[in-house]
1. In nm, give the distance between the simple-model label positions of B:Thr58 and B:Leu154, each being 7 Å from the Cα along the Cα-to-Cβ direction.
2. Within segment B:194-230, list the residues whose amide N lies under 13 Å from a label point set 7 Å along Cα→Cβ of B:Ala116.
3. Shape verdict for the protein assembly as shown, please, from the Cα gyration tensor: rounded (a/c under 1.5), prolate (a/b greater than b/c) or oblate.
4. Quick check: convex hull over the Cα atoms of segment A:69-158, volume per residue in Å³, rounded to an integer?
5. Mind sorting A:Cys197, B:Cys69, B:Cys252 by how few other Cβ atoms lie within 10 Å of their own Cβ, fewest first?
6. Alpha carbon centre of segment B:16-60 versus segment A:242-288: separation in Å?
7. Throw me the Rg/Rh for segment B:136-293, computed over C-alpha atoms with Kirkwood Rh, two decimals.
8. With +1 assigned to the C-beta of every Lys and Arg and -1 to the C-beta of every Asp and Glu, and no other charges, what is the dipole magnitude of chain B about the Cα centre in debye, to the nearest 20?
Amino acid sequence: MSKIRKSIYTAILAVIIIALMFFLEANKFRFGMAYTVIQKGLILSVVAVSMNLVTGFTGLFSLGQAGFMAIGAYVTAIFLIPADGMAEVYYISGVNPSIMSFKYWLESGPAWVQSMYPILALILGGLVAAVFAAIIGFPVLRLKSDYLAIATLGFSEIVRAIISSPQLDTITNGSYGLKKIPGFDSLFETFAIMAVCVLLMVLLLRSTYGRAFRAIREDEVAAEAMGINLSRHKQMSFIIGSFFSAVSGGMLAMFMRSIDSKTFSVSLTYDILLIVVIGGIGSVTGSVIASLLVTASKEWWLRFFDAPLYIGNFQVPLFRTGFRMVIFSVILLLVVLFYQRGIMGKNEFSWDRLSLRVRKLLGGRKRGAKNAR
Amino acid sequence: MTITTLFQHILTGISLGGAYALIAIGYTMVYGILRLINFAHGDIFMMAGYFMIFSMATLPWQIAIPLVCILTVALGVAVERAAYKPLRSAPRMSIMISAIGASYLIQNLATYLFTALPKAYPEIPFLKKILHIGSISSSLVTFITPVLTILLVLALMFLIHHTKVGMAMRAVSKDFETAQLMGIKLNNTISYTFVIGSLLAAIGSILYFTDRMSVTPFSGTLPGLKCFIAAVLGGIGNIPGAMVGGFIIGICETFLVAFGYSTFSDAFTFILLIIILLFRPTGLFGEKMTDKV
């Protein structure tokens, strides 16, 4: 396919996406489900790509995403809850005075700075998580595959336990969680933040650092022999991945408007792992596509699994609350067992590949029709 | 803290540690043979709790306990056959993801079948009898657990060192391929490992939940992770080591809770894991392992 044609297609796709967003923004209430699902899918795609960066591209099997998301979410939430709503949120044990004075200082800033606060909050959340990642990464990244998985999983549980502990009641509101978090203004805002995050990660992966990450994934010893500093690159990938996980956690807090420590349990990490596996371990576009698809099917298309289903007067016995999640875990297992490359494998989206696929599909159908005759 | 409360805490800790030890053995055996963290092991342990609830609803405990053991073993072997066997030669990460998938499936299945609300664990009357020794008083299960654990470990050691199945297990854990060349049936041996691990998990779950009164679909996750750490602490692949690790973690946890740091008792276990892996990756009793390139 010629270059011009490809860029025309890309432009058309971009126009379609923008038009779709305009349409959804205008008809927010009529298509409420699609609106929420796309928004959540965009948010999860940030953390899915970041998990892919660490797990798929660098080969570090880290299961700490939920913990970093929790850090990002809590920092963002505390930053953004309006100062006069704080007393109502922390109605049980009161607010820590230094947080309160910080909030008053924030609200005294000029208006144009205040309009930047959501972005600043997300970045601050990411930075805090990155500091934590640097601290735990130093000992943890020396571990090999499954030990690393258990240690990071443990870290994420520790974060959750500390957030909900009564000692931190005045900061994180303990087990009551935070509410009244201001949300996104529009779908564009969500999309723009997501696009910037993913773009930054793609640029990183295309740089020499990204190539070094892939070399480490393929063969650590060979990579080291070629002069790649293993611990520095692993540390870097882990810290950057954690930063973006936390940004995604902050976005999730803004999306959900209220969070508590239970939101960030191990099953959140497993959900993201499901997205990464289905999208293809080692494919950024795969992760983005899969997070939209998985979120849509989970929250919307497959909802019917959870509701009682009647055919005539007969109630189908399996359909009730929780069945959806059973189906999802079966899908994860089936993909791992029988279709390990997921949607995209290690490839990225390209028009050439798509046209090849389409042509194959059409050709196959024609031949099939001939045979049928 | 008086001497009596001190002893009381030690006793509780040893009892908790005994249950942990039984679960940790399951991890250590599977890791020893497959080099795989059986993420689903904690959930198999949790399902054993549910099996007990439902069998005790209609049956007397004398029949219920063997039934629970059989069901748990069946579940453990089924997980191995469905999720691990097809991936014997796959890259390590796929096997790990498959293990996580199995754990996720069992949890979601339990939520679906039994709802996420805690279900009351049945009382086995004779285990709950209160005993008094000197000034210490506790239910019988607290006294039985450590004794039973040690007996089971002795029996297991005998099995591994003095029977043919045990010899096959040792061979497979040393070298997959050579063992196969020697005529050892790989899949059978691995299944036996899962049988033993799940059986011990079932017994451990009876002892663990009798003291805790209720089961939820997520009550296997944290004990599972802790028991894996116990296995690492004792030296992975080493059965008496896993027992000692279980006891150490049980006692430490009980004391942390007694001093009022219950929120941090979980955190402590993971910090312990990181410290062990950094300073003594082979655990307390593990053999020295060399990495092959």
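1. Here the modelled spin labels are 3.8 nm apart.
2. It comes to B:216-219, nothing else.
3. The shape class here is prolate.
4. It comes to 109 Å³ per residue, whole-number rounded.
5. Numbers: A:Cys197 24, B:Cys69 21, B:Cys252 16.
Ascending Cβ contact count within 10 Å gives the list B:Cys252, B:Cys69, A:Cys197.
6. When both Cα centres are located, 30 Å separates them.
7. Result for segment B:136-293 is an Rg/Rh of 1.00.
8. The calculation lands at about 480 debye.
None of the figures in this text is laboratory data; all of them are computed from the coordinates on show. If you're wondering where the values come from, they're calculated on a predicted model, not measured in any experiment. Note that each Cβ is placed from the backbone with ideal geometry, even for glycine, and that neighbours are counted across all protein chains shown.
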